[in-house]
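Here's the structure we're looking at; comments come further down.
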Amino acid sequence: MTDFKTYLSEFIDNAIREDVGDGDHSSLSCIPAEAIDKAQLIVKEDGIIAGIDVAYEVFKRLDSEVKFEKLIEDGTRVKKGDIAFRVELHTRSLLLAERLVLNIMQHMSGIATATNVYVKKLEGTKTHVLDTRKTTPGMRLLDKMAVKIGGGVNHRIGLFDMIMLKDNHNDFAGGIPQAIKRAQDYLKANNKDLKIEVEVRNLDELEQVMQVGGIHRIMLDNFDTATTKKAVERIAGKYETESSGGITLETLRDYAECGVDYISVGALTHHVSSLDMSLKAYK
């Protein structure tokens, strides 16, 4: 996996290439090349703002002489009418950046806002809300950045930075004990230092994990709260615990009060509404 700076640079280049093609003919046809103008980003809906620093990188990529005044920091709770930033640059570049900046910031702010709702629901417990790999293709690191800005915690970034033995892995390997042992042997043989998480579907599978050991986290998949509490008591601090599957905002707190360390919520990144905002000219 590339570092974030390289990822962001490639993401911006790809996004610009996708939009511009052989030229922004709307601007080229009526805006003088030397024209310079100002714009400001206006928040049109209450929520958590995210993506301001990414927006600056977009403007800078299109115009190295950009003047950018950040008025609000990422992670700030904003209300309708707030101004997040002001920017001054060549008008053609400004118009080219407009939709890309809005797409990024509206999407990221929607994720940050949704995440913060879950985070607030967990206040007073030890439980953290986790994201998943259910992200927008090509935008995973931005999606996960938005989760962190909203107060959540990132799970693994991809398939490369953790071993996660889910039900299909366990079934295809011949069972949970076999899957765990093969994963442990693989890490040793390849000199890799990765954490192992194992998904279990019932208390019997949990017991199999406990008997084998040598893992880091156990995911309790589609457990009800009563069974979750029993599972947490059985694990008793030996491994991290994660609840997942069918947990809604309404039931989130009930699972947290069972004592799990994490609750993973795919809806943070794959079922959110963008936060409304606009980029408008000003003098």
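The values are calculated or read from the model by the stated rules, or taken from the named source; none is laboratory data. The structure presented is a predicted model; accordingly, all values stated were derived computationally and were not measured. A quick note on method: Cβ atoms are made from the backbone with ideal geometry, for glycine too, and the neighbour counts reach across all protein chains shown. What goes into the accessible areas is simple: the full protein's heavy atoms, side chains included, and nothing from ligands, DNA or RNA. Shrake-Rupley method; radii C 1.70, N 1.55, O 1.52, S 1.80 Å.
Counting only residues that are open to solvent by less than 20 Å² (accessible area, probe 1.4 Å), in contact with a helix residue (DSSP H, G or I) (Cβ under 8 Å, 6 or more places away or on another chain) and of a type outside the set (Ser, Thr, Tyr), how many does the range 18-65 have?
Residues meeting the conditions: 13.
Could you please let me know if residue 5 is within 29 Å of residue 159 (Cα to Cα), in a helix (DSSP H, G or I), without any contact (Cβ under 8 Å) to a residue 12 or more places away in the chain and within 26 Å of the chain's Cα centre (by Cα)?
Judged against the criteria, residue 5 is a match.
Yes/no matrix, rows are residues, columns are (1) without any contact (Cβ under 8 Å) to a residue 40 or more places away in the chain; (2) among the polar types (S, T, N, Q); (3) buried (at least 19 other Cβ atoms within 10 Å of the Cβ); (4) over 14 Å from residue 199 (Cβ atoms):
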| residue | (1), (2), (3), (4) |
| --- | --- |
| 250 | yes, no, no, yes |
| 254 | yes, no, no, yes |
| 267 | no, no, no, yes |
| 274 | no, yes, no, yes |
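Could you list, in sequence order, the residues of the range 185-222 that are in contact (Cβ under 8 Å) with a residue 24 or more places away in the chain and more than 20 Å from residue 241 (Cβ to Cβ)?
Hit for the range 185-222 is 187, nothing else.
Given the condition at pLDDT 95 or above, within 22 Å of residue 44 (Cβ to Cβ) and open to solvent by less than 50 Å² (accessible area, probe 1.4 Å), answer yes or no: does some residue in the range 116-133 qualify?
Checked against the condition, which is being at pLDDT 95 or above, within 22 Å of residue 44 (Cβ to Cβ) and open to solvent by less than 50 Å² (accessible area, probe 1.4 Å), the range 116-133 yields at least one hit.
If only one of 158, 246 is under 30 Å from residue 117 (Cβ atoms) and open to solvent by 60 Å² or more (accessible area, probe 1.4 Å), which one is it?
Only one candidate passes the filter, namely 246.
State yes or no: is residue 70 open to solvent by 50 Å² or more (accessible area, probe 1.4 Å), touching a strand residue (DSSP E or B) at 6+ places or on another chain (Cβ under 8 Å) and farther than 25 Å from residue 10 by Cβ?
no
Given the conditions (1) within 30 Å of residue 7 (Cα to Cα); (2) touching a Phe, Trp or Tyr at 6+ places or on another chain (Cβ under 7 Å); (3) open to solvent by 20 Å² or more (accessible area, probe 1.4 Å), report the number of the one that residue 225 does not fulfil.
Going through (1) within 30 Å of residue 7 (Cα to Cα); (2) touching a Phe, Trp or Tyr at 6+ places or on another chain (Cβ under 7 Å); (3) open to solvent by 20 Å² or more (accessible area, probe 1.4 Å) one by one, residue 225 breaks only (1).
Being modelled with pLDDT of 95 or more and assigned to a helix (DSSP H, G or I) is the filter; apply it to the range 251-283 and report the residue that is farthest from the chain's Cα centre (by Cα).
Step by step, filter the range 251-283, then rank; the result is 254.
Residue 160: among the aromatic types (Phe, Trp, Tyr) and touching a residue at least 40 places away in the same chain (Cβ under 8 Å), yes or no?
yes
I'd like the full set of residues that are open to solvent by less than 40 Å² (accessible area, probe 1.4 Å) and closer than 19 Å to residue 232 by Cα, limited to the range 177-202.
Residues satisfying the conditions are 196, 197, 198, 199, 200.
If I ask for residues that are without any contact (Cβ under 8 Å) to a residue 24 or more places away in the chain and at positive phi, which ones from the range 231-248 would you list?
Scanning the range 231-248 gives 236, 237.
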